[in-house]
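Participant: Have a look at the structure that comes next, please.
All of the numbers you see were taken from the coordinates with simple rules; none came from a lab. These numbers were taken from a predicted model, which means no experiment stands behind them. FYI the Cβ positions are ideal-geometry reconstructions off the backbone, even for glycines, and counts take in every protein chain you see.
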Amino acid sequence: MRVLERLRDRWLNGYDWRAYERRLMSERQDVFASDIGPLHYLRRVGDDAALPVIVIHGWPYSYAQFLPLADAVGKARTIVAPSLPGFGHSPAASVPFSAERIARAFHLLMTEHLGYERYLVYGEDMGAPIADWMAGLYPDAVAGIIATHPSFSAQKRDGVVLTDAERDFLASTRDPAESGYAHQQGTRPDTLAAALQDSPVGLLAWIAEKIAAWSDGGVTTEFVNFDDDDVLDLVSLYWHTRSVGTSFRSYAEPDDLDDHPLITVPASIAASIEEHARHVTGA
């Protein structure tokens with residue numbers, strides 16, 4: 001409660017949402033009219049000779065978590081950061097949340113809408129299966145994939161026999177102590193959303209607790225690599241867009257997260273144990 005009280009007090013006294021809002025509005029942003037609904041995206045334009053990168057966030061994050069990445073990349077290449085349906089500035093999709101559907105929409109965003117013939121794709125958390133689908137469906141367009149949350153989908157394919165080491169690794173990735181929020185969001189999303197959208201402090205507690213746990217390896221009492229305003233920036237974006245409830249659809253609706261085609265394009269996989277607000281990735 002000490003951390004929550006500190007965050008609440010900072011939110012009420014001293015935190016400057018308008019400054020963060022101006023920071024976001026200074027970026028180049030637009031909306032793509034896809035067949036699943038309007039999709040918001042940010043684009044930081046770089047070297048035309050370099051492959052652009054589409055970066056796909058997860059929960060409870062947003063497109064804005066990729067601004068430090070865009071700053072680090074500078075003019076070296078173009079960064080395209082869309083908002084997932086139901087997150088932030090993208091309204092909920094007109095159809096159930098589906099990794100395959102979103103992958104197809106994001107591919108059209110990159111190719112038909114923005115005009116790129118080839119691109120790189122990065123996905124994390126809920127964005128990872130979408131990136132997997134993009135790479136699996138469009139190997140001629142996706143030059144490579146970067147993943148921090150690989151799907152391990154090969155374990156479901158007929159004829160695949162895992163080694164003992166592979167089974168041990170998969171078992172090590174499961175953490176029941178950190179799965180309660182996902183079960184609640186996936187099974188009772190509307191009930192939870194009603195409470196969180198009614199209480200700003202409740203929303204702050206729900207999101208900040210996960211950031212604390214994930215940023216310091218599971219100790220839920222403090223943040224590592226985030227400062228208080230980083231957390232308040234994120235929570236404020238959810239609060240002002242009233243999107244926490246629609247973001248839960250990414251847990252409640254998809255049934256195709258690990259069913260993507262075999263990925264044959266070059267892949268780089270990073271396994272991280274802590275999250276970084278000011279480094280390359282957010283989640």
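Participant: If the elastic network links every pair of Cα atoms under 10 Å, which of HIS107, HIS40, HIS183 fluctuates the most in the Gaussian network model of the chain?
Facilitator: Ranking HIS107, HIS40, HIS183 by mean-square fluctuation puts HIS183 first.
Participant: Can you sort MET134, MET110 by how many other beta carbons sit within 10 Å, fewest first?
Facilitator: Result, fewest neighbours first: MET110, MET134.
Participant: 5 Å is the cut-off here: which amide hydrogens, built 1.01 Å from N in the peptide plane, fall below it relative to GLY123, excluding neighbours closer than 5 in sequence?
Facilitator: Placed amide hydrogens put ILE56, ILE146, THR148 under 5 Å from GLY123.
Participant: Also: If every alpha-carbon in the chain counts as one equal scatterer, what log10 I(q)/I(0) does Debye give at q = 0.07, 0.11 1/Å?
Facilitator: Treating every Cα as an identical point scatterer, log10 I(q)/I(0) equals -0.25, -0.63.
Participant: Report, in deg cm²/dmol and to the nearest 500, the calculated mean residue ellipticity at 222 nm for the chain, where each DSSP H run with n ≥ 4 adds -39500 (n - 2.57) and the sum is divided by the residue count.
Facilitator: Value at 222 nm, helices only: -11000 deg cm²/dmol.
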